[in-house]
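A short worksheet on the structure shown next.
The values are calculated or read from the model by the stated rules, or taken from the named source; none is laboratory data. Note that the structure is predicted; figures quoted are calculated from it, not measured. Methodologically, a virtual Cβ is constructed for each residue, glycine included, from the backbone with ideal geometry; neighbour enumeration extends over all protein chains shown.
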Amino acid sequence: MTTPVTTAPAGSAAGRSGSPGSAPRLRTPRHRHTPGRPRRSVLLTVLTGLVLLYSLVPLVWLVIATTKSQEGLARSFGLWFDSDFALWNNIGETFTYDDGVFVRWLLNTVLYVVVGAGGATLLAVLGGYALAKFDFPGRRAVFAVIIGAVAVPGTALAVPTFLMFSKMHLTDTPWAVVIPSLISPFGLYLMWVFATEAVPAELLEAARIDGAGELRTFFQVALPLLAPGIVTVLLFTTVATWNNYFLPLIMLKDPDWYPLTLGLKSWNAQAETVGGEAVFHLVVTGSLITILPLIAAFLLLQKYWRSGLAAGSVKE
């Protein structure tokens, strides 16, 4: 006869001792990860803190240096204040030094941003929407060209761009800075990806069935949905144009057309010239004034550009 095998209850001695007749039990982990709750990583926290420190220390130094006079910059520790608080004097002198040329540089930069970055954003929105929602011959070739243009650094195109503008007699004019700024391959690619995900094709078809033309469909239906992507591209192009240094350096000789980046560099180089006046306190003050509009733009529009960057990252 075959003797039946009985399994001891889990709470019995046989079940606890793991006898041969008992069923095997799986060990449950002590720390089970709850879905939806982020895991804590000490290493990641430390690395994030180091990156934050690396990013904030130069800004802290700039804010502190702005409160010092020319002599205070040399006699005091870089990350601490001097006994002579000269912030307001530095701001006033920055705007009035050399017949107020800093104001001219600021207006030039605003001009380059409004025309260059604004035009680049407009072209990126129109081109990205067309590439995402219209099918035409050569679409794949256009995509390859855009990806290739994103991969090419701007410095590699500096000399050909200068030679081309020199042939057209446009160097040392604002157009030499504005026209190259109108082209943003990364902005075009970003709007292409964003328009593909953000504007449903069914919504466009419904508008066309209702009798709306392509322009009306774009401005009244698609454009409101593209707002986060537009803000993201606008911020990227604005920062690129506002901080543009190399292109104006090779294109402009007249200081009256300098942007802020090139103007502050010329102030900083005064100390290296014979008989030149060192104005490092004005350089750091002008640098702080230069970055304040960018910081304000990012803080005010962060909810738009964050959602624009996340577009297409989750596939439904």
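Which one of the conditions (1) free of Cβ contacts under 8 Å to residues at least 12 places away in the same chain; (2) within 28 Å of Leu292 (Cα to Cα) does Gly116 fail to meet, given that it meets all the rest?
(1)
Would a scan of region 215-229 turn up a residue that is closer than 30 Å to Pro153 by Cα, in a helix (DSSP H, G or I) and touching a Pro at 6+ places or on another chain (Cβ under 9 Å)?
Initially, region 215-229 is screened for residues closer than 30 Å to Pro153 by Cα, giving 226-229.
Next, only the ones that are in a helix (DSSP H, G or I) stay: 227-229.
Then keep just the ones that are touching a Pro at 6+ places or on another chain (Cβ under 9 Å); that gives none.
No: zero hits.
Out of Gly92, Gly72, I need the residue that is in a helix (DSSP H, G or I) and surrounded by 14 or more Cβ atoms within 10 Å (Cβ to Cβ). Which one?
Gly72
Within the set of pairs 6+ apart or on separate chains, which have a first residue in region 76-90 that is closer than 13 Å to Thr66 by Cβ and at pLDDT below 85, a second that is surrounded by 15 or more Cβ atoms within 10 Å (Cβ to Cβ) and not basic (Lys, Arg), and C-beta atoms under 8 Å apart?
Sorted first by the residue in region 76-90, then by its partner, the pairs are Gly78/Ile64; Gly78/Ala65.
Looking at region 230-270 only, could you name the residues that are surrounded by fewer than 18 Cβ atoms within 10 Å (Cβ to Cβ) and in contact with a Pro (Cβ under 7 Å, 6 or more places away or on another chain)? Talk me through it step by step, then tell me what you get.
Of all residues in region 230-270, those surrounded by fewer than 18 Cβ atoms within 10 Å (Cβ to Cβ) come to 239, 243, 245-246, 249-250, 253-256, 265-266, 268-270.
Matches in region 230-270: Ser266 only.
If we keep just the residues of region 153-196 that are modelled with pLDDT under 90 and of a type in the set (Gly, Ala, Ser), which is surrounded by the fewest Cβ atoms within 10 Å (Cβ to Cβ)?
Looking at residues that are modelled with pLDDT under 90 and of a type in the set (Gly, Ala, Ser), I get Ala156.
Looking at region 130-153 only, could you name the residues that are farther than 22 Å from Phe218 by Cα and either over 20 Å from the mean Cα position of the chain (by Cα) or not β-branched (Val, Ile, Thr) (or both)?
Once the filter is applied, which keeps residues that are farther than 22 Å from Phe218 by Cα and either over 20 Å from the mean Cα position of the chain (by Cα) or not β-branched (Val, Ile, Thr) (or both), region 130-153 yields Gly138, Arg140, Ala141, Ala144, Val145, Gly148, Ala149, Ala151, Pro153.
Within region 172-184, can one find any residue that is in contact with a Lys or Arg (Cβ under 8 Å, 6 or more places away or on another chain), under 30 Å from Pro293 (Cβ atoms) and not small (Gly, Ala, Ser)?
yes
Taking region 119-149 as the region of interest, how many residues are among the acidic types (Asp, Glu) and within 19 Å of Pro293 (Cα to Cα)?
0
Determine the pairs where a residue that is more than 16 Å from Pro174 (Cα to Cα), located within region 92-112, has a partner that is basic (Lys, Arg) with Cβ atoms under 6 Å apart, the partner being 6 or more residues away or on another chain.
Taking only residues 6 or more apart or on different chains, not a single pair turns up.
Check region 241-256 and report whether any residue there is touching a helix residue (DSSP H, G or I) at 6+ places or on another chain (Cβ under 7 Å) and of a type in the set (Asp, Glu).
yes
Identify the single condition in (1) under 19 Å from Thr232 (Cβ atoms); (2) among the aliphatic types (A, V, I, L, M); (3) assigned to a helix (DSSP H, G or I) that Ala158 does not satisfy, given that it satisfies every other one.
(1)
Restricting attention to region 100-113, does a residue exist that is surrounded by 11 or more Cβ atoms within 10 Å (Cβ to Cβ), modelled with pLDDT of 90 or more and of a type in the set (D, E, K, R)?
Checking region 100-113: at least one residue is surrounded by 11 or more Cβ atoms within 10 Å (Cβ to Cβ), modelled with pLDDT of 90 or more and of a type in the set (D, E, K, R).
What are the residues in region 132-167 that are under 20 Å from Ala240 (Cβ atoms), without any contact (Cβ under 8 Å) to a residue 40 or more places away in the chain and in contact with a helix residue (DSSP H, G or I) (Cβ under 7 Å, 6 or more places away or on another chain), if any?
Correct list: Ala149, Val150.
Within region 154-199, how many residues are under 23 Å from the mean Cα position of the chain (by Cα) and of a type in the set (A, V, I, L, M, F, W, C)?
17
Given the options Leu122, Leu79, name the one that is within 28 Å of the chain's Cα centre (by Cα) and assigned to a loop (DSSP other than H, G, I, E, B).
Leu79
Scanning region 279-307 for residues that are of a type in the set (Gly, Ala, Ser) and modelled with pLDDT of 85 or more, which turns out surrounded by the fewest Cβ atoms within 10 Å (Cβ to Cβ)?
Start the filter on region 279-307 by keeping residues that are of a type in the set (Gly, Ala, Ser), which leaves 286-287, 296-297, 307.
Now narrow it down to the ones that are modelled with pLDDT of 85 or more: 286-287, 296-297.
Working: Gly286: 24, Ser287: 18, Ala296: 10, Ala297: 17.
Looking at the filtered set, the residue picked out is Ala296.
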